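All of the numbers you see were taken from the coordinates with simple rules; none came from a lab. Keep in mind it's a predicted model, so treat the numbers as computed, not measured. Here the Cβ positions follow ideal geometry from the backbone for every residue, glycine too, while neighbour counts run over all protein chains shown.
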Amino acid sequence: MYYDINEDTEKLKLQSKFVNPITAFYYKFKKYYKRKFVCVECGYVFEMLVKKRQHSIDVNCPNCEE
């Protein structure tokens, strides 16, 4: 389950997506979460895995690095 922005009202809306049970077990065991990020420079939206208790995240945009 995750939150996504509703384009009509521009508010957060709870969404759900089916995940393979083996993949879910792996993410839970490793304590990683899939998060969406938006690059400030180019506006590119990408997903990355981040650790559970990682407070400061230093993310490099894969689109800007090319």
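Taking residues in the stretch 1-25 that are surrounded by 10 or more Cβ atoms within 10 Å (Cβ to Cβ), and partners anywhere that are of a type in the set (Lys, Arg), the pairs with Cβ atoms closer than 6 Å and at least 6 places apart or on different chains are ASP4/LYS13; ASN6/LYS13. For the stretch 2-36, the set of residues classified as part of a strand (DSSP E or B), of a type outside the set (A, V, I, L, M) and touching a Lys or Arg at 6+ places or on another chain (Cβ under 8 Å) consists of TYR2, TYR3, ASP4, TYR32, TYR33, listed by residue number.
Could you list, in sequence order, all residues of the stretch 1-38 that are in contact with a helix residue (DSSP H, G or I) (Cβ under 9 Å, 6 or more places away or on another chain) and within 25 Å of ASN60 (Cα to Cα)? Hits for the stretch 1-38 are TYR32, TYR33, LYS34.
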